[in-house]
Ligand SMILES: [Fe+2]
C-alpha cells in the first residue's frame, strides 16, 4: 500500500477535477484524525481518504447508490491494492450499501467525507474565496443553518463526537488540514 500508487489510481479512475480535489481534502482530514486517534495507522487512514470515491466515474450513484463503495473495492481488488480494514471503512462511508460503522477508522471516514465539502462551501461564500479566511466559528454556526450546504450530512459530521472529539475541535482540525493543502484544493 503506497500513496504514489493511490494517486495513480485516482488519476486513472476519476476524471472530475472537483472529485479529485475532494479526495485530497478527505486524505488531509483523515491524516489529521489518525495523528490524534491512531497515529500508527496514518498512512492507511490517509490512503482510504484518497480512494473512498474511486468509483465516482464507474457507478451511476443516482441510479444505484448501493454500488458506491462495493464498486471501489472491486477496482482495488483488481489492482491488488489495499486491505480488508480499508475496504470496510470505504464501504461504511456510504450507509446505502448496508455496511455498518464498526470502528474508529470507519467513523473517521464517515465524518471526514462531508466536512470537507462543507468547509469548501463556507470558503466559497467569503469575498476572497480563500480557505485561510474561514473561521472555526463560522463552521459551527453554519452547522445550525440547515439550508446552507444542505447536502452536507450534519449527522455524519457531528458523529465524530462518538470518538470523544468535540465537533468544534474536529472543525478546527479539518480546517487546518485543508488550509495546508490550499494550493492543491485551489482555495
Ligand atoms: Fe466523498
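Per the conditions (1) more than 11 Å from the ligand (Cβ to nearest atom); (2) outside any helix (DSSP H, G or I), the sole criterion not satisfied by residue 76 is (2). Scanning the range 79-97 for residues that are exposed (fewer than 15 other Cβ atoms within 10 Å of the Cβ) and at pLDDT below 95 returns a single hit, 96. Among the residues of the range 115-130, count how many are away from the ligand (no atom under 16 Å from the Cβ), in contact with a helix residue (DSSP H, G or I) (Cβ under 8 Å, 6 or more places away or on another chain) and part of a helix (DSSP H, G or I). Counting residues in the range 115-130 that are away from the ligand (no atom under 16 Å from the Cβ), in contact with a helix residue (DSSP H, G or I) (Cβ under 8 Å, 6 or more places away or on another chain) and part of a helix (DSSP H, G or I) gives 2. Scanning the range 12-60 for residues that are within 14 Å of the ligand (Cβ to nearest atom), part of a loop (DSSP other than H, G, I, E, B) and either out of contact with any helix residue (DSSP H, G or I) (no Cβ under 8 Å at 6 or more places or on another chain) or closer than 16 Å to residue 110 by Cβ (or both) yields a count of 2.
Any residue at all in the range 56-74 that's within 21 Å of residue 121 (Cα to Cα) and either at pLDDT 95 or above or buried (at least 16 other Cβ atoms within 10 Å of the Cβ) (or both)? Yes, the range 56-74 contains at least one residue that is within 21 Å of residue 121 (Cα to Cα) and either at pLDDT 95 or above or buried (at least 16 other Cβ atoms within 10 Å of the Cβ) (or both). Confirm whether residue 7 is closer than 21 Å to residue 118 by Cα, buried (at least 17 other Cβ atoms within 10 Å of the Cβ) and either under 13 Å from the mean Cα position of the chain (by Cα) or without any contact (Cβ under 8 Å) to a residue 60 or more places away in the chain (or both). Criteria not met by residue 7.
For the structure I just gave you, tell me whether residue 71 is part of a helix (DSSP H, G or I), without any contact (Cβ under 8 Å) to a residue 12 or more places away in the chain and either more than 16 Å from residue 29 (Cα to Cα) or touching a helix residue (DSSP H, G or I) at 6+ places or on another chain (Cβ under 7 Å) (or both).
Values: part of a helix (DSSP H, G or I): yes; without any contact (Cβ under 8 Å) to a residue 12 or more places away in the chain: no; either more than 16 Å from residue 29 (Cα to Cα) or touching a helix residue (DSSP H, G or I) at 6+ places or on another chain (Cβ under 7 Å) (or both): yes.
Spelling it out, it is not the case that residue 71 is part of a helix (DSSP H, G or I), without any contact (Cβ under 8 Å) to a residue 12 or more places away in the chain and either more than 16 Å from residue 29 (Cα to Cα) or touching a helix residue (DSSP H, G or I) at 6+ places or on another chain (Cβ under 7 Å) (or both).
The values are calculated or read from the model by the stated rules, or taken from the named source; none is laboratory data. The structure presented is a predicted model; accordingly, all values stated were derived computationally and were not measured. Cβ coordinates were reconstructed from backbone atoms using ideal geometry, including for glycine residues, and neighbour counts include every protein chain displayed.
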